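What follows is a single structure, written as structure tokens, with notes after it.
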Amino acid sequence: MVWLFASIKCILLQNLLRSFNPFCYNAATIMKRHLLITVLLTVLTLTASAFAGFGGSPFQPSWDLDPILIKPGDDATLTVTLRMPPNHFVYQDKTSLDFMSLEGILVQKVTYPKSVLHEDPVTGQAAQVYMGEVPITAKIHVPASAEPADHDLIATLSYQGCSEKLCLRPEETQIQWTVRVVAATGATPDDTPAMTGEAPVPQEKVAEAPVFQLPTSADELVQRGLLWAFLAAFIGGLLTSFTPCVLPLLPITLMVIGVGQHRKHHHNFALAVMLTLGMTVTYALLGSLAAILGLQLGFLFQQKWFLALVILFFVFMSLSMFDIITLQMPMWLRNLLLKLGGKGPLGAFLAGISMGFLAAPCVGPVMGALLAFVGLTKDVWTGFLLMCSFALGMGTLFIVVGTFYGSLSHHTRKPHIAVWVKRVLGILLLLPALYYFDSFVPWIDRVPFLQQEGVVWITDEATVLSRAKAVNEPILVDFSAKWCAPCLEMDRTTFHNPDVVAKLSAHWVTWRVDATTMTPELKKLLDRFNVVGWPTVLFLNPDGTEIPKSRRVGEVISPEKMLSILGKLEQPYVVPAQPSDH
């Protein structure tokens, strides 16, 4: 759009200057007309941008196109700026810059700007968002051994935002910088002026393995939202060490690895640390494996059958905390795992590796939730460090008790402490079960007497088209998401209104596209129908072609308005009732 108006401007200026008589027009007149044309075209550009949200993305990334000159051993900063119109924003936790190809260049740190607190029109709650211009910088380093050459750095800028009334779809833009490594006597990056270009049309994410980078500062951890996750993992590990499944194992495990009441503190401390390192290795490997499986399985943790397993898992763990059911590892397996250890540092390390299994089921629920989180992040370093934090939290009590074994061992036998922790964990374990159950089945569907019967939706495109052609009925397509508040409102009101339900059942084929989780198949469907956000309601002919000027985007259609729309659009396909003969 911008280049089109720029071309028009050049043509107008060229024709204007050709028509100028140098004896009649002076330079001031030319400048005034030049300024007038510029203002008019700027207004046209802004006007077009205001409507671009319905035909394209309102978010426009830009970055330096010129090669960045840098000497071996030096640092440089790359910047990509995401711009958006007024009354638009992108979510902080859904904005990321991930490097896919580095060609030997090191990325030391990715820095995001400070977000602002804004009321989310989707959820009605406060959310951290970016508005206006969002500069994202990446500090890079060229190794001193690098040879003079051009290096292409490819990154994917991911973001999702909203306007005040429309939930926009997630987007990805491929960013490419050229880093030109020059000899030590060559030019410096300051010698080359930067040129900023408009972003290309967002492309498919390149199929290369992502480069997982260890966070380099506390600020980066906070910006990535991981600091609280690490703290929660540590506290979770610390709490599990106080549960009845772990607490009684403290004196047994410490005695097996050689900790004694009459040993010196530093000896007991060293053995307890080796035990903790063994647990850390086990959990860290599990975290890395969860991230790798998450990368391969994609949306495993978002499938309903998996959510059902998670719900049952947490419910059973909670019931076991109240002694309603008993979940315990067989004694023969416990003895076998204990035999893997032995006294001394190596025995303590091996015993620590087996502690993850011996601590079940108390460790299981917390560890399972952490592994599910890691699988969703799909980051190997995140999984590794998160489970390290969990293991260190769990090992803290072992280190303290092991170091001061002689004076603290009798406290582990107090039953009232273990019972109190057990009951609290039993209550806490019900909370994630309720949370997942709420996502698994909308609450209104679990209370039938509070809600009218709703529209019966078909979710398979082939079935929709086949049925529409067979009965020669038009198609209503509802693109919605479970996190989209306007979508939920329309489902609760319009699509449960008895009159709307009756009309759709009589003369329409209803197709619902669940856009809660982005998949490659969903992305193709959104691109084919040019859907930019939700709620979006399409009205199709029986052959699957869209009825012109009928779609509704970002609008909560009232029952009355929906009935009016359906009545007009269904007329070509409704067969008038024949009068009966008497």
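Quick look at the numbers
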| read-out | value |
| --- | --- |
| Residue in the range 550-560 that is over 33 Å from the mean Cα position of the chain (by Cα), at negative phi and at pLDDT 85 or above present | yes |
| Residue in the range 530-537 that is farther than 20 Å from D460 by Cα and either within 29 Å of the chain's Cα centre (by Cα) or not polar (S, T, N, Q) (or both) present | yes |
| Test: residue in the range 71-93 that is of a type in the set (S, T, Y), on the phi < 0 side of the Ramachandran plot and more than 25 Å from the chain's Cα centre (by Cα) | yes |
| Of all residues making up the range 468-527, the number that are closer than 16 Å to I557 by Cβ, hydroxyl-bearing (S, T, Y) and touching a Lys or Arg at 6+ places or on another chain (Cβ under 9 Å) | 2 |
| Single residue of the range 480-508 satisfying the filter (in contact with a Pro (Cβ under 7 Å, 6 or more places away or on another chain) and not in a helix (DSSP H, G or I)) that is surrounded by the fewest Cβ atoms within 10 Å (Cβ to Cβ) | T493 |
| Leading residue by the ranking (farthest from R169 (Cα to Cα)) among those in the range 512-545 that are of a type in the set (S, T, Y) and outside any strand (DSSP E or B) | T545 |
| Selected residue [among the small types (G, A, S) and surrounded by 19 or more Cβ atoms within 10 Å (Cβ to Cβ)] from S101, S115 | S115 |
| Count of the range 94-118 residues which are acidic (D, E) and more than 19 Å from the chain's Cα centre (by Cα) | 1 |
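Quick grid of which residues meet (1) hydrophobic (A, V, I, L, M, F, W, C); (2) at pLDDT 90 or above:
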| residue | (1), (2) |
| --- | --- |
| T123 | no, no |
| A127 | yes, no |
| V134 | yes, yes |
| T137 | no, yes |
| L153 | yes, yes |
| T156 | no, yes |
| S163 | no, no |
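Residue-by-condition table, conditions (1) modelled with pLDDT under 80; (2) closer than 14 Å to V400 by Cα; (3) not assigned by TED's automatic domain parsing to the domain that holds A348:
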{"residue": "I235", "(1), (2), (3)": "no, no, no"}
{"residue": "F242", "(1), (2), (3)": "yes, yes, no"}
{"residue": "C245", "(1), (2), (3)": "yes, no, no"}
{"residue": "A272", "(1), (2), (3)": "no, yes, no"}
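The values are calculated or read from the model by the stated rules, or taken from the named source; none is laboratory data. A quick note: this is a predicted structure, and the numbers were derived from the prediction, not measured. We place every Cβ from the backbone using ideal geometry, glycine too, and count neighbours over all the protein chains shown.
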